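S.K.: Encoded as structure tokens, here's the structure I'll be asking about.
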Amino acid sequence: MTMMVPAAPHSHPHPHPHHSLAVYERVARMASGNAVVVFSASGCCMCHVVKRLLLGLGVGPTVYELDQMAGTGGGREIQAALAQLLPPGQPPVPVVFVGGRLLGGVEKVMACHINGTLVPLLKQAGALWL
């Protein structure tokens, strides 16, 4: 499945557009690597809430703890790219992808859970079989 990601952030011009595009491509590859992918930070309580919800539903998401990613600021670059995909004012983590498509942050995940659309999305993505 392909995730539609803007080639570069529109609100924050980047001095190296190819570098920015590479980060978005990396996010797209990571996001489509499993039926459910959570970009998280290890000390974030809302990230913990989302992960516990998914685990409680029987989903084993791939979790990327951005604050623990090795490399030269890789986690920070990914977090900045994810922030461009979310509505303004949303916390930068958690960010949840289902079936390679952006679902959203904690508010969107909880809204889908409450209104009954989360489980069908998870089933459609192959994350749940029951």
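The values are calculated or read from the model by the stated rules, or taken from the named source; none is laboratory data. These numbers were taken from a predicted model, which means no experiment stands behind them. Ideal geometry is used to build each Cβ from the backbone, glycine not excepted, and the neighbour counts take in all protein chains shown. When the accessible area is computed, the model is the full protein with side chains, heavy atoms only, and any ligands, DNA or RNA have been set aside. Shrake-Rupley method; radii C 1.70, N 1.55, O 1.52, S 1.80 Å.
S.K.: So, counting K/R as plus one and D/E as minus one, what does the shell of residues with Cβ under 10 Å around Met69 add up to?
M.R.: Values: positive: Arg76; negative: Glu65, Asp67, Glu77.
With Lys, Arg at +1 and Asp, Glu at -1, the net is -2.
S.K.: When ligands, DNA and RNA are left out and all protein chains stay put, how many square angstrom of accessible area per residue does the stretch 29-86 have with a 1.4 Å probe? Write out the running numbers ahead of the final one.
M.R.: Values: 2750 Å² over 58 residues.
Per-residue accessible area for the stretch 29-86 comes out at 47 Å².
S.K.: Tell me, what HN-Hα J-couplings in whole Hz come from the Karplus equation 6.51 cos²θ - 1.76 cosθ + 1.60 at θ = phi - 60° for each residue of the stretch 103-111, using x for Gly and Pro?
M.R.: The phi angles translate into 8, x, x, 4, 4, 5, 4, 5, 4 Hz.
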